[in-house]
1. List the residue pairs whose Cβ atoms are under 7 Å apart, where the first residue sits in region 61-87 and is in contact (Cβ under 8 Å) with a residue 12 or more places away in the chain and of a type in the set (A, V, I, L, M), the second is surrounded by 14 or more Cβ atoms within 10 Å (Cβ to Cβ) and not in a helix (DSSP H, G or I), and the two are 6 or more positions apart or on different chains.
2. Considering every residue within region 78-85, establish whether at least one is buried (at least 20 other Cβ atoms within 10 Å of the Cβ) and farther than 28 Å from Gly140 by Cα.
3. Just checking, which of Ala96, Ala132 is within 22 Å of Gly20 (Cα to Cα) and touching a strand residue (DSSP E or B) at 6+ places or on another chain (Cβ under 6 Å)?
4. Would you call Val74 buried (at least 18 other Cβ atoms within 10 Å of the Cβ) and β-branched (Val, Ile, Thr)?
5. Show the residue pairs that are 6+ apart or on different chains and have beta-carbon atoms under 6 Å apart, the first residue being within region 8-22 and within 25 Å of Gln37 (Cβ to Cβ), the second being surrounded by 18 or more Cβ atoms within 10 Å (Cβ to Cβ) and of a type in the set (Ser, Thr, Tyr).
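Every number here is computed from the coordinates shown, using simple stated rules; none is lab data. Keep in mind that what you see is a predicted model, and the values were worked out from it rather than measured. No Cβ is skipped: glycine too gets one built from the backbone with ideal geometry, and neighbour counts run over all protein chains shown.
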Amino acid sequence: MNNSNTGLGTIGGLYRDCNGSWISAFNKRLGKIDALQAELWAIFVGLQQIWFHGFETLFVQSDCAEAVKLVNYVDAASSPIALVRAVANLCNRCWAVSIAWIPREGNKSADYLAKHTHPCNYDTTIIDAPFAFIQDLLAGDISGPSYLRP
C-alpha cells in the first residue's frame, strides 16, 4: 500500500489454510515507494515468509492486476525489474505457486494489516494470532462471492 500524500509504503499479508482459516500474517513499513513496488514487495515478502514454513502448495492473491501480470509473465525471471525477478526465482523453487488477481473488496484483511503497520518499524512483523477486528474482516473475505476464492 502506498500513501499518496507521503509516498511512504507499507505492506501486509496473511496466510490462510484451504478453508480460509488464519495461519499467520505479516506487515512491514518500506519507506518511499510507489504503489506497484509496494505490491511486488508484499508478494515477495509473503513468499519468503511462507517458504520457511515448509508449504508445498501456495495460492497467492493480490489486488494489483499489474503486479500479478508482471510476476506471471512467462519471462518474469528475465524481467528488468529486480523485484519481479526475485518473485520469479522464489516461485521456481520446489513448490507449486499460483498468483492471481482478486478485487480489493476481497482482500480487506491484508489491506488492514498494511494500513496498521507500526510507523517506526522497518522490520517484518509476524502476527501469529488474529486480533478481534481482523477476525471480522477475515470472515468477510472468506464469505465473499465465490469468484474471490480459489
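1. Note: pairs meeting the criteria are Ala65/Trp101; Val68/Ser62; Val68/Ile99; Val68/Trp101; Leu70/Ser79; Leu70/Ile81; Val71/Ile99.
2. For region 78-85, residues buried (at least 20 other Cβ atoms within 10 Å of the Cβ) and farther than 28 Å from Gly140 by Cα: present.
3. Ala96
4. Details: buried (at least 18 other Cβ atoms within 10 Å of the Cβ): no; β-branched (Val, Ile, Thr): yes.
Judged against the criteria, Val74 is not a match.
5. Sorted first by the residue in region 8-22, then by its partner, the pairs are Thr10/Thr117; Leu14/Ser109.
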